[in-house]
1. Which residues, taken from the range 193-232, are more than 16 Å from the ligand (Cβ to nearest atom) and aromatic (Phe, Trp, Tyr)?
2. Taking the residues in the range 195-240 that are without any contact (Cβ under 8 Å) to a residue 12 or more places away in the chain and in a helix (DSSP H, G or I) as candidates, determine which candidate is farthest from GLN18 (Cα to Cα).
3. From (1) modelled with pLDDT under 95; (2) over 20 Å from the mean Cα position of the chain (by Cα); (3) under 30 Å from ARG50 (Cα atoms); (4) surrounded by 15 or more Cβ atoms within 10 Å (Cβ to Cβ), pick out the condition that doesn't hold for VAL256.
4. Can you find, within the range 22-46, the residue that is surrounded by the most Cβ atoms within 10 Å (Cβ to Cβ) among those that are more than 11 Å from the ligand (Cβ to nearest atom), assigned to a helix (DSSP H, G or I) and modelled with pLDDT of 75 or more?
5. Could you list, in sequence order, all residues of the range 45-81 that are touching a residue at least 40 places away in the same chain (Cβ under 8 Å) and not small (Gly, Ala, Ser)?
6. Being of a type in the set (D, E, K, R), in contact with a Gly (Cβ under 7 Å, 6 or more places away or on another chain) and over 30 Å from GLU88 (Cβ atoms), is that true of even one residue in the range 150-172?
7. Let me confirm something: among LYS127, LYS138, LYS216, which residue is farther than 20 Å from LEU66 by Cβ and of a type in the set (Lys, Arg)?
8. For the range 216-245, how many residues meet the condition of being out of contact with any helix residue (DSSP H, G or I) (no Cβ under 8 Å at 6 or more places or on another chain), closer than 23 Å to SER8 by Cα and surrounded by 14 or more Cβ atoms within 10 Å (Cβ to Cβ)?
Amino acid sequence: MVSPSLPSSFAFSQSSLQDYSDCPRRFQLRYIEQLQWPAVEMEPALENERRQQEGQLFHRMVQQHLIGLPTEKLTRLANTPDLSRWWENYLGTKFELSGYAQRTELTLAAPVGTYRLLAKYDLIAVKPGERAFIYDWKTYHKRPRDEWMAARLQTRVYRAMLVQAGATLNGGISFHPEQIEMIYWYSDYPSEPARFPYNPAQHTRDWDALTSLINKIGNHRHFPLTEDEKKCAYCPYRSYCNRGGKAGTMDEMADVVVPVAARETELTGTDINFEQIAEIEF
Ligand code: SF4
């Protein structure tokens, strides 16, 4: 049987690129064959699911707060121990936003060959002509090492995309890489954000690497299973790959695992309504 191939209109995101980097087969099952989740990703399943839902609600609360909804009203939504702790940590943090125009849940897009690459941001804070901060809220169970976050495709895609497609936020002039910094703020580690400034060499390296990765995926006909079987313990497609029937546990995680189904605010490439993209540059 011939596998379906990637449609030429496919829109890549950091999520789909990360899936491909973690396991080409996972990319194929999720984005090309569009299979649903046949197995739980992580045990205990209910706790994992609850945490994912709380993470989504927390993102929503912060977004609503940034666009001006009253704090008291939003605080009433923080009705679980995790949410209440994260919310208190958020309200107690001094973010560098004074004098910055703030855009929440903004999507930027740029063409890469026949495909598109999209990035949906939690918050971009801009002083036109001066600085731009990319903030991303993370409700991870453990704080990851900065080196691990630096290598994530999200860190590479988000900064590169702001240079490529962010001119409308900067008075019509493209940002210089040095003007951009990406900040991951961890809701359980509020005083230990991870900060990633940017420079022209990194931008050239990242954009070239993203372009070649997307072209490579577009030309792929065979999507091999990852050789790192540890990844399979946290992947819902285990049964398709004969890679074990039992999910890994939160306690066993050697490093942070981002559940495949839980990339809460991100775009998957299969469910995009282009009408909803606020800023798009070609
Ligand atoms: S179970 Fe393993 S090999 Fe199969 S898609 Fe998931 S990560 Fe890849």
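The values are calculated or read from the model by the stated rules, or taken from the named source; none is laboratory data. Since the structure is predicted, the reported quantities are computational estimates derived from the model, not experimental observations. No Cβ is skipped: glycine too gets one built from the backbone with ideal geometry, and neighbour counts run over all protein chains shown.
1. Those that are more than 16 Å from the ligand (Cβ to nearest atom) and aromatic (Phe, Trp, Tyr): PHE196, TYR198, TRP207.
2. Result: ALA201.
3. Only one criterion is unmet by VAL256, namely (2).
4. TYR31
5. Narrowing the range 45-81 to residues touching a residue at least 40 places away in the same chain (Cβ under 8 Å): 45, 47-48, 51-52, 54-56, 58-59, 62-63, 66.
GLU47, ASN48, ARG51, GLN52, GLU54, GLN56, PHE58, HIS59, VAL62, GLN63, LEU66 - these are the residues of the range 45-81 that are touching a residue at least 40 places away in the same chain (Cβ under 8 Å) and not small (Gly, Ala, Ser).
6. Among the residues of the range 150-172, not one is of a type in the set (D, E, K, R), in contact with a Gly (Cβ under 7 Å, 6 or more places away or on another chain) and over 30 Å from GLU88 (Cβ atoms), which makes the answer no.
7. The match here is LYS216.
8. 1
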